[in-house]
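Encoded as structure tokens, the structure appears first; notes follow it.
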Amino acid sequence: MKNKFYITTPIYYPSGDAHIGHAYCTTLCDILARYKRLRGFETYFLTGTDEHGQKIKEHASKANKTPQEYVDEIVSKFKKLWELMEISNDDFIRTTEPRHIKVVQEMFSKMYKKEDIYLGSYKGWYCTECEAFWTDIQAGPNHLCPDCNRPVHEETEESYFFKCSKYVNNILKLYNDNPKFCFPESRMHEMVNTFIKPGLQDLSVSRTSNDWGVPILENKKHTAYVWLDALTNYISALGYGSKDDGLYKKFWEDPNTEIIHVIGADISRFHCIYWPMFLMSAGLRLPDRVFVHGLLRIKDEKMSKSKGNVVSPFPLVERYGVDAVRYYLSREVTFGRDGEFTPEQFVERLNVDLANQLGNLLNRTVSMIIKYFDGVVPAFKSNVTKFDKEVEDLISATIKEYEINFDDLKITEAITTAMNLVNRANKYIDETTPWVLSKEGKQEELASVMSHLANCLYVSAILLSPVLVHQSKGILDQLGVPEELRNYKSISKLGVIGNIKVNKGDQLFPRLEVNKEIEYVKSLMQSK
Ligand code: MSP
């Protein structure tokens with residue numbers, strides 16, 4: 001049984017400010033990391049920035065800066081955003097750091113010594129923006145980049161090549177033996193049908209035309225191809241190859257660690273084909289899974305800095321709070337599918353789920369406990385009213401389903417499961433009509449309703465804690481849950497909440513004025 005967890009985001013290009021697409025991926029990884037910690041796994045969570053390459057150099061020169069100055073400024077904004085969004089990463093790797101550069105050189109040397117890398121020359125269609133070479137077929141008659149649709153240009157240069165042909169069968173075997181290696185499964189089929197079956201060419205892994213990169217020790221004219229450089233971050237950050245490689249031993253080498261790379265659909269080829277090949281060549285362990293999430297679009301277009309149709313997460317977080325944005329990102333679009341960011345859905349999601357469902361349940365429950373029981377949650381008793389049993393069963397079922405979903409990286413489904421319990425509890429208030437029970441003096445039934453409600457809220461708050469990093473604590477504070485019960489283990493016993501004093505606090509989930517807020521969010525969406 002694996003007892004450790006290593007999760008990584010892609011390392012982002014600091015070629016422009018972070019947008020909500022970057023926040024989407026990082027937040028979902030953070031939620032997974034927090035879930036694993038909640039479950040007691042020793043967890044390591046890595047993010048960072050991918051700072052080399054021609055594209056960055058060009059951006060820097062346009063901004064009249066050295067590449068290093070240019071990236072330093074943008075990287076500091078990425079770091080600020082992750083702090084603001086309460087991202088709990090354990091490290092932040094930058095590909096311009098010496099600890100990383102050394103490892104890229106070592107990886108190259110290892111593969112070179114194994115004769116998996118040879119010197120040749122390259123002619124192909126190159127997209128500067130995506131730092132990728134394309135074949136004639138891929139660039140098509142109009143010579144456009146299949147990823148970003150920009151014009152590509154022909155380039156010929158001396159280059160080192162990685163022998164993909166040698167590893168193709170190993171990749172197919174990997175997929176066959178581990179059907180969830182590249183997940184969702186449709187992505188694996190895409191890899192096979194789009195890239196492997198048509199014939200995978202050897203990969204150019206060095207450049208002579210770009211000096212903003214990691215120099216290859218075997219031949220100083222060359223720098224490492226930016227993707228070889230970037231992918232290596234996942235092990236360089238752990239100290240691979242250095243004297244101080246404790247983290248590498250613990251979180252990569254140890255088979256008891258589950259290793260997950262989370263990436264966007266645009267970069268699956270690099271992670272699901274080339275990265276495992278490099279690792280095989282270097283004789284290193286492979287990750288367990290590459291989870292490919294969908295992309296957020298705006299008005300049907302992929303959101304990207306270069307297209308200028310981005311939404312910045314900063315003003316959203318400032319106005320609506322970290323938890324609201326985290327909740328929206330994890331709940332609105334099913335993790336693994338593409339989705340669209342719209343101001344209308346953003347506002348509606350916060351109003352319906354957080355204000356109407358969760359906020360209302362909390363306010364009603366705390367107010368009624370104050371009104372009917374002087375603010376003390378009655379002790380739990382099973383099966384008193386005719387509606388209790390169903391709620392009790394649902395609490396246990398919810399916890400089980402939540403775990404199954406989360407363990408399978410189905411984050412949206414896991415959160416929906418927790419929110420279903422909240423909805424059921426709201427319905428339970430309507431079914432049991434506590435105000436009628438009070439009028440009729442049915443104290444025992446009234447007490448049972450209150451304690452069932454408090455227990456539903458308690459369990460929901462713990463289950464939602466990887467997402468709602470502040471408000472889940474706020475819910476537990478208002479319920480008066482003692483510190484020693486604020487953990488995952490405690491919720492597994494039914495009805496532990498009782499004889500505690502609630503504290504009515506501030507409104508945790510204020511209702512938004514729909515039209516006003518839609519207008520505000522619209523004003524943040526810069527269009528081309
Ligand atoms: N630097 C490379 C990754 C190297 S990883 C070894 C890169 N960087 S990127 O900044 O362009 O994008 C990285 C990731 O950001 C995407 O794979 C995706 O996870 C996330 N997103 C970027 N735009 C996005 C959306 N519009 N929607 C959702 N995620 C987005 O590629």
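Of note:
- For segment 396-431 versus segment 127-168, the spacing of their alpha-carbon centroids is 45 Å.
- Both radii are taken from the alpha-carbon atoms of segment 1-118; with Rh as the Kirkwood radius, Rg/Rh is 1.05.
- Using only alpha carbons, segment 137-180 has a radius of gyration to Kirkwood radius ratio (Rg to Rh) of 1.16.
- Under the convention that each Lys and Arg Cβ holds +1 and each Asp and Glu Cβ holds -1, the size of the dipole of segment 188-232 around its Cα centre is about 100 debye.
- Taking Cα atoms only, the orientation of helix 388-407 departs from the longest principal axis of the chain by about 10 degrees.
- Tilt relative to the chain, helix 98-113 - C-alpha long axis, 0 to 90 degrees, to 10: 60
- Shape of segment 109-177, Cα gyration tensor, a/c cut at 1.5: oblate
- Sorting 480-486, 449-455, 92-98, 177-183 by average packing, meaning the other beta carbons within 10 Å per residue, from highest down gives 449-455, 92-98, 177-183, 480-486.
- Cα long-axis angle, helix 67-84 against the chain (0 to 90 degrees, to the nearest 10): 10
- Fraction of beta bridges assigned by DSSP in segment 4-293 that are antiparallel (%, nearest 5): 45
- Cross-link table LYS114/LYS221; LYS36/LYS173; LYS79/LYS243; LYS4/LYS410; LYS250/LYS489, entries beyond 23 Å C-alpha to C-alpha: LYS36/LYS173; LYS79/LYS243; LYS250/LYS489
- Note on the chain: with neighbouring protein chains present and a 1.4 Å probe, carbon and sulfur make up 50 percent of its accessible heavy-atom surface.
- Residue-normalised accessible area of the chain, expressed per residue, 1.4 Å probe, Å²: 41
- Each peptide in 48-59, 221-232 receives the mean, over its residues, of other Cβ atoms within 10 Å, and ordering these scores from highest gives 221-232, 48-59.
- Whole-number D in µm² s⁻¹ for segment 1-66, Kirkwood Cα-pair radius fed into Stokes-Einstein, 20 °C, 1.002 mPa s: 155
- Relative to its Kirkwood radius, the Cα radius of gyration of segment 448-528 gives an Rg/Rh of 1.16.
- Tail beyond 29 Å, pair distance distribution of segment 65-220 (Cα, percent): 36
- The charge dipole of segment 4-293, taken about the Cα centre with unit charges on the Cβ atoms of Lys, Arg (+1) and Asp, Glu (-1), comes to about 540 debye, rounded to the nearest 20.
- Listed residues ALA414, ASN351, PRO482: farthest to the positive end of the dipole of segment 343-492 (Cβ charges): PRO482
- Cα centre as origin, Lys/Arg/Asp/Glu Cβ charges: segment 343-492 dipole, Debye: 300
- Normalising by residue count, the chain has a Cα convex hull of 153 Å³ per residue.
- The chain: antiparallel DSSP beta bridges as a percent of all, rounded to 5: 45
- Computed over all pairs of different Cα atoms, the Kirkwood value for the hydrodynamic radius of segment 242-349 is 16.7 Å.
- Computed from phi, the 3J(HN,Hα) profile of segment 262-279 under the Karplus parametrisation 6.51, -1.76, 1.60 (θ = phi - 60°) reads 9, 9, x, 4, 5, 10, 5, 4, 5, 8, 9, 10, 6, 4, x, 5, 4, 5 Hz, with x in place of Gly and Pro.
- Value of relative contact order over segment 4-293, rounded to a whole percent, pairs C-alpha under 8 Å and six or more apart: 23
- Dipole of segment 4-293, positive direction: furthest Cα of PRO10, LEU279, PHE195, with charges on the beta-carbon: LEU279
- Debye log10 I(q)/I(0) for segment 75-117, one point scatterer per Cα, at q = 0.16 Å⁻¹: -0.59
The values are calculated or read from the model by the stated rules, or taken from the named source; none is laboratory data. Only a predicted model underlies this, so the values are computations on that prediction, with no experimental measurement involved. So basically every Cβ, Gly included, is an ideal-geometry build from the backbone, and we count neighbours across all protein chains shown. Heavy atoms of the whole protein, side chains included, go into the accessibility calculation; ligands, DNA and RNA do not. Shrake-Rupley method; radii C 1.70, N 1.55, O 1.52, S 1.80 Å.
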